[in-house]
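Below is one structure, written out as structure tokens; the observations come after it.
The values are calculated or read from the model by the stated rules, or taken from the named source; none is laboratory data. Everything numeric here is computed off the predicted structure, so don't read it as measured data. Please note: Cβ atoms are built from the backbone with ideal geometry, for glycine as well, and neighbour counts cover all protein chains shown.
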Amino acid sequence: MPQQQIQLTVNGDDHTVTVDPSTPLLYVLRNELGLNGPKYGCGLQQCGSCRVLVDGEARATCQLPVSAVEDQPITTLAGLSGEDGGLHPVQAAVVDEQAAQCGYCVNGVIITAVALLSDTPDPDRAEITDGMNEVLCRCGTHARFVRAIQSAADAVDA
Amino acid sequence: MSDDAPKRDASESSLSRRIFLKSAGTVAVGFSLLPGCQRTDGETEEDPDADPARSSDLPPSLAQHPRIDAWLQVLGDGRLRVYTGKMELGQGIRVAIAQVAAEELHTSPDRMEVHLAETGVTPNERYTSASVSIEHSATSVRHASATARRILKAQAAQQFGASPDDVDVDDGTLSTGDQSATFAEVLGGEQITETVTAPADLRPTDEREWVGEPVQRKDIERMVRGDEVYVQDLQFEGMVHARVVRPPGYGASLENVDVQTVQNEIDGVEQVVQNGSFLAVVADGEHQALQAQQALRENAQWSEPSSLPADTPLEEHIRDLPSETESVVDDGSAGEGERVSASFFRPYVMHGSLGPSCAVGHYDGDRLRIWTHSQGVYPLRDTLTELVDLPPEKIEVKGVPGSGCYGHNGADDVAADVALLAMEIPNRHVRLQWEREDEHGWEPYGSAMLMDVEARLGDDGTIQNWQFDVWSDTHSTRPGGDPGNLLAGRYVEDASELTSRGYLAGGYRNSIPYYELPSRRVDAHFFDGPLRVSALRGLGAHANVFAIESMMGELADRADADPVAFRRRHLEDPRAVAVLDAVAESAQNVTVGTDEGLGYGFARYKNSASYCAVAAKVQAQGDDVTVTHLWGAIDAGEIINPDGLRNQLEGGMIQSTSWMLNEEVQFDETHVTSREWGSYPILRFEEVPVVEATVLDRPDEPSLGAGEAAQGPATGAVGNAIARATGTRVRSLPVRSS
């Protein structure tokens, strides 16, 4: 498909990119905008690694054409921190709990947890594992992520 | 990425050569008929018998690279750069290395910058494998740092006109009375070039500030911010993107491909590269590379690949394959008592890295540079020389973390792919991101294994005789100088045949029970199986411990004994008893309801590294089981970072549970059919048990490798818990297919 100009709003900033409109959002974010949060994991929307928030909803970007999100606000991992660089409570909780081994899944975990907590501000363990179930982690760091999400919920509550 | 490290030649020494050859001899025992066995497979550090530490007072890496500035450099800005020949694989090696350097230099770990494996820059520590990074690399850094502290104090004392005993070291500064100077000032811009010839006096246990503390990893904040962390994140000016088109099966060859159509139809195609049956495309954009890959697939004709044995159950197929036998131990077949026997099976298991392998290459017409998450930058370099026809001094390989690998995944293969492509497109950075199906379908799996166990249980309730036969393929085909071990090496025009069988001894890792048994026979039978295999976390220990611990559970039941008491009856090592007692204590007040079961597993990894015990609670639900709780205890000697150790134990238990419940690489007669997560399901959040990890610190004992310790015990514990909950013994993995 020929290239087109596409308007994107990412992490509060407006961008114009010239790409094939069928390009998955993932590659535009990573290669055109230099945003390393969303990761390539499977290309099949099976693992969650490439998720971003599209209008507040956690969505896989590996098959999502960039043209489909032209008018919607997109937030990546980098956009969760405050302008002063302060971490979002979920990011801070992952650091505090040292909830990572290789950390490749951390993007999908945090993005999904932020969406989960906006719908369910005070989740119990079952609600967390249910909400996180589409995100894969291979190192077995799940238990730490659950603790981190719980403590982020408590921090937001407080 | 920081590329400002000075180039130094820290790579080779005559000593390393000597140890290399000595180790190779050990590996080759019993396989003299196989070609190439005189050359090491590169897994010497995975072979405890070949561990050069046994013949030296110094940690082996330090004995090979004794100059202090090979490990440690003092920077002008108050920081210290610590060099390790190991890679960050998600195990947090950087913080552990920073901690030991900080401890011995009496300086905050915040000042330490840890430089990961890079050819020509860091010591050549071969592979980051076998859980020896702490034992070999961190211990080397520690002794180098302690020696550096002594030298710094002596030099400062001279400059201050004081006695070394009167010089204090505090956070990068040396002082006495009202005089003080930073490390860099004392050295006057020089580095410490003295060699370490003997173990240094380490800081006394009761004065330690950093070792044993849960110092946080610095990289996790970078991860949560989405900063550049992984090789997948590297971006270079003018970088182009590549994709490889795989054959339909291992034995297929490329007969014809319509390159012109692809180049005409797809925008942005820089070049289609065809070299024998190695087929790839390089394009300006990543999406364009993907489109061109698809077009190439549609325009390529391949020969019929050889058939895989899809019609026979794998267990039967393996038993029927020709094999070569090696005696692991044989101290008699005597022993009276009730005969208890069983066969156990583990299928092929994949590493399944969440991020498929990736590498970047650049060839400037003279030198080739590779950015890779390989576990062995030097062996990779030495293997690439033949593939790209460049001498080793013209190849630089820089380690950059990737997605967790848990052993030898596609990391080296993608680096070899990108090396071939970079040579074709000089002066451009070429990035190759493997697709999910490349990783799932082409990585070297953990070997399928079969274990026959027969024990004699005496009237006194102790085991009188133990017979164990294990069938396994090799457990390492790391590059090791053999281009045939790199995927591309088998498909290029001058394809390399495999010339060695790699690290066969991995198949009998932990096949000798750590229990006290009056007579034992263990034989290993090596077959050449249908799928590509290499090192997966724990090598053969996972399946062997599964079989041993399942049998221990069964024998305890036959002896009408408590499973913990039964194991204790056969253990003399108090450290083994201590980890078992720790999990028994954690689980002792747990209520076990109807359809529930509690089970135990124990092993000392490699029978020489960490002690680990696991208790598991499961709940049977119709035909399925849920693992609800895991308790683990580990003794890894002196703990460098208790939180890192706990993280490894928690993760190991969860991953092991995933392997044993769910995982099985499936194939049809053409190729592997487990090409995505739907056909190879791993444990998800809802299935993950509550885990509790206990770490036992032994401050006066050497630190031991821990990253692979839980794989066997956790599978053993879950299997025994399932037997209790369902009344049916687990003989064949994964549980959900049997």
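Assorted remarks:
- Against the conditions (1) in contact with a strand residue (DSSP E or B) (Cβ under 7 Å, 6 or more places away or on another chain); (2) at pLDDT 95 or above, B:Pro109 satisfies every one except (1).
- The range B:92-116 - residue that is closer than 20 Å to B:Gly402 by Cα and in contact with a Ser or Thr (Cβ under 7 Å, 6 or more places away or on another chain) and, of those, surrounded by the most Cβ atoms within 10 Å (Cβ to Cβ): B:Ile97
- Enumeration of residues in the range A:127-152 that are over 17 Å from the mean Cα position of the chain (by Cα) and more than 8 Å from chain B (Cβ to nearest Cβ): A:Glu127, A:Arg147, A:Gln150, A:Ser151
- Considering the range B:367-470, the qualifying helices (runs of 4 or more DSSP H), each wholly inside and each with 3 or more residues that are of a type in the set (Asp, Glu) and more than 14 Å from every other protein chain (Cβ to nearest Cβ), run over B:411-424.
- Taken together, the criteria exclude A:Leu53 from residues that are of a type outside the set (Val, Ile, Thr), at the interface with chain B (Cβ under 8 Å from one of its Cβ atoms) and more than 23 Å from B:Val430 (Cα to Cα).
- Looking only at the range B:274-289, and only at residues there that are crowded, with 20+ Cβ neighbours inside 10 Å and more than 10 Å from every other protein chain (Cβ to nearest Cβ), the one that is farthest from B:His429 (Cα to Cα): B:Ser277
- Residue within the range B:667-681 that is within 29 Å of B:Asp635 (Cα to Cα), more than 8 Å from every other protein chain (Cβ to nearest Cβ) and not β-branched (Val, Ile, Thr) present: no
- Residues of the range A:88-117 satisfying the condition of being under 21 Å from A:Glu57 (Cα atoms), at the interface with chain B (Cβ under 7 Å from one of its Cβ atoms) and not in a loop (DSSP other than H, G, I, E, B): A:Gln91, A:Val94, A:Val106, A:Asn107, A:Ile110
- Condition met for B:Glu298 (surrounded by fewer than 23 Cβ atoms within 10 Å (Cβ to Cβ) and within 14 Å of another protein chain (Cβ to nearest Cβ)): no
- Each residue in the range A:118-142 was checked for being part of a loop (DSSP other than H, G, I, E, B) and touching a residue at least 12 places away in the same chain (Cβ under 8 Å), and 12 of them qualify.
- Residue match in the range B:650-658 (condition: within 11 Å of chain A (Cβ to nearest Cβ) and of a type in the set (Asp, Glu)): yes
- Scanning the range B:503-546 for residues that are over 17 Å from B:Leu321 (Cβ atoms) and more than 22 Å from the chain's Cα centre (by Cα) gives B:Pro513, B:Tyr514, B:Tyr515, B:Glu516, B:Leu517, B:Pro518, B:Ser519, B:Arg520, B:Arg521, B:Val522.
- Qualifying residue in the range B:396-411 (condition: surrounded by fewer than 24 Cβ atoms within 10 Å (Cβ to Cβ) and farther than 25 Å from B:Val229 by Cα): no
- Any chance B:Glu386 is surrounded by fewer than 23 Cβ atoms within 10 Å (Cβ to Cβ) and at pLDDT below 95: yes
- Some residue of the range B:195-213 being within 10 Å of another protein chain (Cβ to nearest Cβ), under 30 Å from A:Leu77 (Cβ atoms) and at pLDDT 95 or above: no
- Selected residue (criterion: surrounded by the most Cβ atoms within 10 Å (Cβ to Cβ)) from residues of the range B:339-380 that are farther than 28 Å from B:Leu531 by Cβ and in contact with a Gly (Cβ under 8 Å, 6 or more places away or on another chain): B:Trp371
- Qualifying residue in the range B:687-699 (condition: without any contact (Cβ under 8 Å) to a residue 60 or more places away in the chain, not in a loop (DSSP other than H, G, I, E, B) and not basic (Lys, Arg)): no
Quick grid of which residues meet (1) touching a Phe, Trp or Tyr at 6+ places or on another chain (Cβ under 7 Å); (2) within 14 Å of chain A (Cβ to nearest Cβ):
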residue	(1), (2)
B:Ala70	yes, no
B:Gln73	no, no
B:Tyr83	yes, no
B:Glu88	no, yes
B:Val95	no, yes
B:Pro109	yes, no
B:Thr122	yes, no
B:Ile134	no, no
B:His143	no, no
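- Filter pass, B:Val492 being surrounded by fewer than 23 Cβ atoms within 10 Å (Cβ to Cβ) and of a type outside the set (D, E, K, R): yes
- Note on the range B:217-266: residues that are crowded, with 18+ Cβ neighbours inside 10 Å, small (Gly, Ala, Ser) and either more than 9 Å from chain A (Cβ to nearest Cβ) or out of contact with any Leu (no Cβ under 8 Å at 6 or more places or on another chain) (or both) total 3.
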